[in-house]
Amino acid sequence: MKITSEELRKKWIEFFKARGHAPISSASLIPENDPTVLFTTAGMHPLVPYLLGQPHPAGKRLCDAQKCVRTGDIDEVGDAAHCTFFEMLGNWSLGDYFKNEMVPWSYEFLTKELGLSSDRLAVTVFMGDDDCPRDDETAALWEKCGIKKENIFYLGKKHNWWGPAGQTGPCGPDTEMFFDTGKPKCSAECSPACDCGKYVEVWNDVFMQFNKNADGSFSPLCQKNVDTGMGLERALMNMQGLSSVYETDVFLPIVKKIEELSGKSSSDAQAVKAIRVVADHIRTATFIIGDERGVTPSNVDQGYILRRLLRRAIRFGSTIGLKFGDYSAVAETVVDKYAEVYPELAVSRAKIKSEIDEEQARFERTLENGIKEFEKLCKFLQTDTIPGKSAFRLYDTYGFPLEMTVEMAKERGFKVDVDGFDAKFKEHREKSHAGAEQRFKGGLADTGELTARLHTATHLMHRALKDVLNDPNVNQRGSNITPERLRFDFSFGRAMTPEEVKAVEDKVNAAIQADVPVTCEEMTVEDAKAQGAVGLFASKYGEMVKVYTMGEYSKEICGGPHAARTSELGHFRIVKEQSSSAGVRRIKAVLE
Ligand code: SER
C-alpha cells in the first residue's frame, strides 16, 4: 500500500482513538525527568512516571507520534535504514487492557489498515527464562488471529525483552512483528533474529510488567502496562516498497535539496553515503535546535551531540561540494516538511538557520589547522594508535568530534585510544561542572530552584503588566529564564514610563509578600480558557494542560516548575525595559 507519512500518522491516531485512546502531543526531545540519558529515545520514555503508577491526566489509554533521537548507531547512518532521528508511533495501556486486546488490534491494524497480507507477517514472542515465563499466551493469541504456526518464533531476552529506556525503569517481555520480504530463508535456522534481510521489523508490543532496579534485579510493577512502538520511517519504507528510508516522502524533499545544492545525485555510488549522512544529521540537528527545550552546539551533553552531528554532516558534505549556508538551507527544507506536525520548528526557523550557519563558520575556522595538526600527528606516530591525549587535543583545540578523528584515522589505517579520550573528556567535564557549581555557591539554591522562582515571578509580572498597562493587546511573545534573571517579551506599542515600571514592581512584590500558595491543576485547554487562564493555546487535540494559580494574583497555563509559595521569591526588581522589535517590548528582571 502506498501511504504517505501524513496518512500513516493519521491512520494510527484514528485507529487508537476509535478504541478509546486519548491522542497526546509528542514530548520534548530533551527528557525532563531522566538524567540517565541525553535524549528521548522511545515513545514510552516521557511516560515512565505513568507506567510506574502515577495517573496520567489524559487517562489510561494513550497514543501519539513521538520525536526520538538515538545516536548509538551513528556510524551506521548512510545505510538503508539507520536514522539518528525518527518518529515512533505508539499506544499505551496504563494498567488497563493487556495482551488479549493488544495482539488482535495489532493484527487488525497491520492487515486491515495497512493492508499487509497475513502470510507475509512473522512474529516473535519471549521464550522464557528465570525472570519471566515463556509467553505461550501471546503465541496462542497470534495463532487465533491467523498467523501461521511456522511464522511464530520464540526468542530470548536479547530479542524479546524491551527496556528500560535508561538504566532503571519499566520493562518486560515483548512480541515483535516482522514483514517477510519474500526472500528465501538464508539457512534452515533463518528467523526474524537473523539479519539476512528476509524479515524486517515493523512493530513492537511490550508487555511491561517489571521494573528494573539499580542492582539489576526485576520487581513486578503495581500495574500491567502495554507499550507499543512503530518506527515511522521504516514502516513507510516497507509500506512504500522502497529499499531505503531516504526514498520515503519524509526524506525525499531533503535529499532533493541536497542534490540540487551539490549537483550530485544519490544514484551516484560515490555520493550516496554523503547525501544520506547530510540528510539524516541535518534533520536531527533541526529537531534538536528547534525543540521546545532546544539546545545549541556546545562541548557538553546534548550540545556536544548536536555539534558532532553538524560537524559530521559538514565533513561528509564537503566531499560532495556543499558550501557555506547550504546546511541551513537543507534545514529550512526540513522545517517546511514538518512544520504542520511539529509547529515548534516553524517558530524557531530563524534560530535553526543561524545556529547551523554559526557552527559551520566556527568549524571551518579551525578545520584547516586541525587537519594539518592531524596529518603531523599521523606522520610522527610510532604505533598504529593515536593516543587519547592527542585525540582530546584535536577535540578541545580544533573542535574535532571524537568519531571524526576515529573515521579519519581509519581512512589512514590507524586506531584511536578511545578509552584514553574518554578519560580526558571526563576530566574536562568535571572541571566545567565544578566551575558551574562554583558560580552558584554564594546563592541559596541550586540552579533548578532559582529558575523555578523566576518562572513564578514571570507569571506574576505578566499579570501585573496586563493590569498596569490596561491594554488588551499586552500578551506574552517570548520568555527566557536563566538562573540569574528572567527575560520577557510582550506585545505593547510604546516604552513604559518609569511610573509604570515601578507600579509593576510594586504589584509583584505585593503578591510575594501576600505569601500565597502556588497551586497546580490539570485540565483541558478549553477549561483553562473558560477559567480565564492566560497562556499559549497552541496545543493539539483537546489536550490536558497544567494551570498554575496564585491566589487572585495569577492564573496561567505553564509546564512549570514553580516555587511552592510566592514568599519564596524574595524581592522583585525590573532591571531593564527596552524595545525588542516593532510592537514588542522586552523586560529583564531579577529576584534579590
Ligand atoms: N518501547 C518499545 C520500543 O521502543 C515500544 O514502544 O520498541
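Put simply, of Val226, Val206, Val200 the only residue that is at pLDDT below 95, β-branched (Val, Ile, Thr) and either within 16 Å of the ligand (Cβ to nearest atom) or surrounded by fewer than 20 Cβ atoms within 10 Å (Cβ to Cβ) (or both) is Val200. Of the residues in the stretch 164-177, none is more than 16 Å from the ligand (Cβ to nearest atom) and not in a strand (DSSP E or B). Based on this model, can you work out whether Glu344 counts as in contact with a helix residue (DSSP H, G or I) (Cβ under 7 Å, 6 or more places away or on another chain) and either more than 24 Å from Asp396 (Cα to Cα) or assigned to a helix (DSSP H, G or I) (or both)? Considered against the rule, which asks whether it is in contact with a helix residue (DSSP H, G or I) (Cβ under 7 Å, 6 or more places away or on another chain) and either more than 24 Å from Asp396 (Cα to Cα) or assigned to a helix (DSSP H, G or I) (or both), Glu344 comes out as no.
For Cys83, are the conditions met, namely being of a type outside the set (Val, Ile, Thr), in contact (Cβ under 8 Å) with a residue 40 or more places away in the chain and touching an Asp or Glu at 6+ places or on another chain (Cβ under 6 Å)? Criteria met by Cys83. Taken over the stretch 119-132, the criterion of being within 15 Å of Val202 (Cβ to Cβ) and at pLDDT 95 or above is satisfied by Leu121, Ala122, Val123, Thr124. Within the stretch 265-306, if we keep just the residues that are in contact with a Gly (Cβ under 7 Å, 6 or more places away or on another chain) and of a type in the set (Lys, Arg), the residue that is modelled with the lowest pLDDT turns out to be Lys273.
Output the residue which, of all residues in the stretch 1-26 that are aliphatic (A, V, I, L, M) and buried (at least 21 other Cβ atoms within 10 Å of the Cβ), is farthest from the ligand (Cβ to nearest atom). Among those residues, the one meeting the criterion is Leu8.
Of the residues making up the stretch 454-485, those that are in contact with a strand residue (DSSP E or B) (Cβ under 9 Å, 6 or more places away or on another chain) and of a type in the set (Ser, Thr, Tyr) are Thr456, Thr458, Ser479.
Looking across Ala503, Ala564, one residue alone is without any contact (Cβ under 8 Å) to a residue 60 or more places away in the chain and over 18 Å from Ala464 (Cβ atoms). It is Ala564. Of the candidates Lys576, Lys588, the single residue that is closer than 16 Å to Thr482 by Cβ and without any contact (Cβ under 8 Å) to a residue 24 or more places away in the chain is Lys576.
Taking the criterion of being of a type in the set (A, V, I, L, M) and within 22 Å of the chain's Cα centre (by Cα), the residues of the stretch 348-373 that qualify are Ala350, Ile352, Ile356. Hey, any hits in the stretch 256-273 for a residue that's of a type in the set (Ser, Thr, Tyr) and either within 30 Å of Gly559 (Cα to Cα) or touching a His at 6+ places or on another chain (Cβ under 7 Å) (or both)? Looking for residues that are of a type in the set (Ser, Thr, Tyr) and either within 30 Å of Gly559 (Cα to Cα) or touching a His at 6+ places or on another chain (Cβ under 7 Å) (or both), one finds none in the stretch 256-273, hence no.
Among the residues of the stretch 182-197, the ones that are surrounded by 14 or more Cβ atoms within 10 Å (Cβ to Cβ) and touching a Lys or Arg at 6+ places or on another chain (Cβ under 7 Å) come to 1 in all.
Restricting attention to the stretch 277-300, report how many residues are without any contact (Cβ under 8 Å) to a residue 40 or more places away in the chain and closer than 29 Å to Ser265 by Cβ. Residues that pass the stated criteria total 0. Within the stretch 192-213, residues that are without any contact (Cβ under 8 Å) to a residue 40 or more places away in the chain have Cβ atoms under 7 Å from residues that are near the ligand (Cβ under 9 Å from one of its atoms) and part of a strand (DSSP E or B) in these pairs: Glu201/Glu176, counting only partners at least 6 apart in sequence or on another chain. Only one entry in Lys256, Lys264 is more than 16 Å from the ligand (Cβ to nearest atom), of a type outside the set (Ser, Thr, Tyr) and in a helix (DSSP H, G or I), namely Lys256. The criterion of being surrounded by 15 or more Cβ atoms within 10 Å (Cβ to Cβ) and either part of a helix (DSSP H, G or I) or away from the ligand (no atom under 16 Å from the Cβ) (or both) does not hold for Arg293.
One residue stands out in the stretch 408-432 among those that are buried (at least 16 other Cβ atoms within 10 Å of the Cβ) and under 14 Å from Ile371 (Cα atoms): the one that is farthest from the chain's Cα centre (by Cα), namely Ala409. The residue that is farthest from Leu252 (Cα to Cα), among those in the stretch 70-98 that are at pLDDT below 95 and among the aliphatic types (A, V, I, L, M), is Ile74. Just the residues that are among the hydrophobic types (A, V, I, L, M, F, W, C) and touching a Phe, Trp or Tyr at 6+ places or on another chain (Cβ under 7 Å), please, taken from the stretch 469-513. Those that are among the hydrophobic types (A, V, I, L, M, F, W, C) and touching a Phe, Trp or Tyr at 6+ places or on another chain (Cβ under 7 Å): Leu469, Val474, Val508, Ala511, Ile512. Only a single criterion out of (1) touching a residue at least 12 places away in the same chain (Cβ under 8 Å); (2) in a strand (DSSP E or B); (3) more than 16 Å from the ligand (Cβ to nearest atom) is not satisfied by Pro184, namely (2).
Contact map, the stretch 31-60: first residue among the hydrophobic types (A, V, I, L, M, F, W, C) and modelled with pLDDT of 90 or more, second residue more than 11 Å from the ligand (Cβ to nearest atom) and assigned to a loop (DSSP other than H, G, I, E, B), Cβ cut-off under 6 Å, separation 6 or more or different chains; pairs are Phe39/Leu29; Ala58/Ile24. Among the listed residues Asn151, Asn160, identify the single one that is within 16 Å of the ligand (Cβ to nearest atom) and out of contact with any helix residue (DSSP H, G or I) (no Cβ under 7 Å at 6 or more places or on another chain). Asn160 is the lone residue from the list that is within 16 Å of the ligand (Cβ to nearest atom) and out of contact with any helix residue (DSSP H, G or I) (no Cβ under 7 Å at 6 or more places or on another chain). Just to verify a result, which residue in the stretch 458-487, among those that are within 32 Å of the chain's Cα centre (by Cα) and assigned to a loop (DSSP other than H, G, I, E, B), is surrounded by the fewest Cβ atoms within 10 Å (Cβ to Cβ)? The extreme case among them is Thr482.
Within the stretch 344-357, residues that are modelled with pLDDT of 95 or more sit with their Cβ atoms under 6 Å from residues that are outside any helix (DSSP H, G or I), at 6+ positions apart or across chains, in these pairs: Glu344/Gly290; Glu344/Glu292; Leu345/Gly290; Leu345/Ala339; Ala346/Ala339; Ser348/Gly290; Ile352/Gly290; Glu355/Thr296.
The values are calculated or read from the model by the stated rules, or taken from the named source; none is laboratory data. Remember, it's a predicted structure, so these values are computed and weren't measured experimentally. No Cβ is skipped: glycine too gets one built from the backbone with ideal geometry, and neighbour counts run over all protein chains shown.
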